[in-house]
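One structure below.
The values are calculated or read from the model by the stated rules, or taken from the named source; none is laboratory data. What you see is a predicted model; the values in this text were computed from it and never measured. With ideal geometry, Cβ positions are generated from the backbone for all residues, glycine too; neighbour counts draw on all protein chains shown. The accessibility values were calculated without ligands, DNA or RNA, using every heavy atom of the protein model including side chains. Shrake-Rupley method; radii C 1.70, N 1.55, O 1.52, S 1.80 Å.
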Amino acid sequence: MSVTPLEGAQGTAAAPLSPPAHPLLHAPIVPTLLRMSAPGVVLVVFQSTVSIADTFFVGRLGTGPLAGLALVFPMVMLLQMMSAGAMGGGVSSAIARALGAGDPARARRLVLHALLIACGLGALHTLLMMWLAGPIYRALGGQGDVLAHAMGYSNMLFAGSVLVWLANTLASVLRGSGHMLLAAAALIAGSVLHIPLSAGMVNGWWGFPALGIAGAGVAYLCAAGLAALASAFLVLRRGSPLRPTRADLRLEVGAFAEILRVGGLASLSAVQVVLTAVALTGYVGRYGTAALAGYGVGARLELLQVPLVFAVGQALVPMVGTAVGARDPERAKRVARTGALIAAVPCTLIALLVFIQPAAWTGLFSTDAAVLAAGSAYLRIVGPFYPVLGIGIALYFASLGAGRVMRPVLAASARLAVALLGGALVVAIGAPLWAMFVVIAVAMVVYGVGTAVVVTRARW
């Protein structure tokens, strides 16, 4: 069965072109963005359920394991952001621009180079985490049982980083060609497997061994492996236009450079985002285990919005990329602005809900009064600025599609600087926990507004 450039996209009755114009160049912007985002929204529901389920299952083990999970969570987000949003965005952008320029052979060659990059970076990720995990978690305030729980989860999960890189890279290949539904379906299959495996292995249910927090790491890798196999079948099956031919099986410096030029800078942005989370986690850890656990629960909702906006962002990358590849920057900018407004809608709804009733979220994971108080304070102070965060992330993905990410990376640098300096000041003067949350909110505004300004002024 052959794969069309975009499932369900609308074309136009234009005069014959050689090569034919990509359907994304003429499809109506709002309906197409919504249609292409829909599979991602469904995927976010499944992946968010996985994250909530892991937190719930581990939370049953006590406050110590929950705090250990909070220590590792920024590193897990870095793995996902680099493999899916950063380098994955570079893969999607390169393929979209090749297809927009009417060069399917280049798109096929890029698939081969993307897979090699995924294997190399996945192996490097494992080596670095095996070496640096302990020092990182200790620097964040992890000690005693909390550190032991964090290491048990971290060592298990990061041992299989290559599986996560392959799953997200292959999904990015599908997204770059406009196949959002296929990409989402493969990753959803992994999520469906993850939840029962995590429940069984964390708690020893249904005959599984009771592995504690490490069981959640085993479930994570099994889910990634299934998603990688499903995506590989969709990309490489006979008849797929994305499948490299024998003539495409050659290494080209230019193909590596095309992916790494965008993905490398985007990875720097991802590192800065996670460094921000790591630094703030370290600062909050000085206020005690309950504060750390409460912050982890509250911040998890913020970080879960990254894949939520990614549902829109993954549609922005190929739509902007094909427009830029076809040398239509005006359409690319219209797509970017529209996507940013769409992304702000769910973030606004979440902000309103958690401001009115923060315990509806924090109460899912803990009954400890101190944990609930810290988590609720975080959501009431930081939550109102979620829409600004959503706009910034959406425009960042639009920049990935355009292949121009330097200025959005600088906006992330500004956010990191505010978090580092502001957090250090709060700790130095002995201010209460809520002051740290104010710093987090200010840093979020700096990122969102800064990204909006630089993207508006960018020349694509």
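Below, the figures for the structure above:
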{"item": "Subset of the stretch 363-378 [assigned to a helix (DSSP H, G or I), within 25 Å of the chain's Cα centre (by Cα) and under 22 Å from residue 57 (Cβ atoms)]", "result": "375"}
{"item": "Qualifying positions in the stretch 405-417 - buried (at least 20 other Cβ atoms within 10 Å of the Cβ) and out of contact with any Ser or Thr (no Cβ under 7 Å at 6 or more places or on another chain)", "result": "none"}
{"item": "Output for the stretch 59-73, where each listed residue is surrounded by fewer than 24 Cβ atoms within 10 Å (Cβ to Cβ) and of a type outside the set (Gly, Ala, Ser)", "result": "60, 61, 63, 73"}
{"item": "Residue match in the stretch 110-131 (condition: in a helix (DSSP H, G or I), open to solvent by less than 50 Å² (accessible area, probe 1.4 Å), farther than 30 Å from residue 403 by Cα and in contact (Cβ under 8 Å) with a residue 40 or more places away in the chain)", "result": "no"}
{"item": "Residue 179, sole failed condition from (1) open to solvent by less than 30 Å² (accessible area, probe 1.4 Å); (2) without any contact (Cβ under 8 Å) to a residue 40 or more places away in the chain", "result": "(2)"}
{"item": "Residues (open to solvent by less than 20 Å² (accessible area, probe 1.4 Å) and among the polar types (S, T, N, Q)) located in the stretch 339-365", "result": "362"}
{"item": "Criterion violated by residue 216 - all others in (1) at positive phi; (2) surrounded by 21 or more Cβ atoms within 10 Å (Cβ to Cβ) satisfied", "result": "(1)"}
{"item": "Some residue of the stretch 216-237 being of a type in the set (Gly, Ala, Ser) and more than 26 Å from the chain's Cα centre (by Cα)", "result": "no"}
{"item": "Among (1) over 23 Å from residue 67 (Cα atoms); (2) not in a helix (DSSP H, G or I), the one test that residue 211 misses", "result": "(1)"}
{"item": "Of all residues in the stretch 234-253 being of a type outside the set (D, E, K, R) and open to solvent by less than 50 Å² (accessible area, probe 1.4 Å), the one that is farthest from residue 396 (Cα to Cα)", "result": "239"}
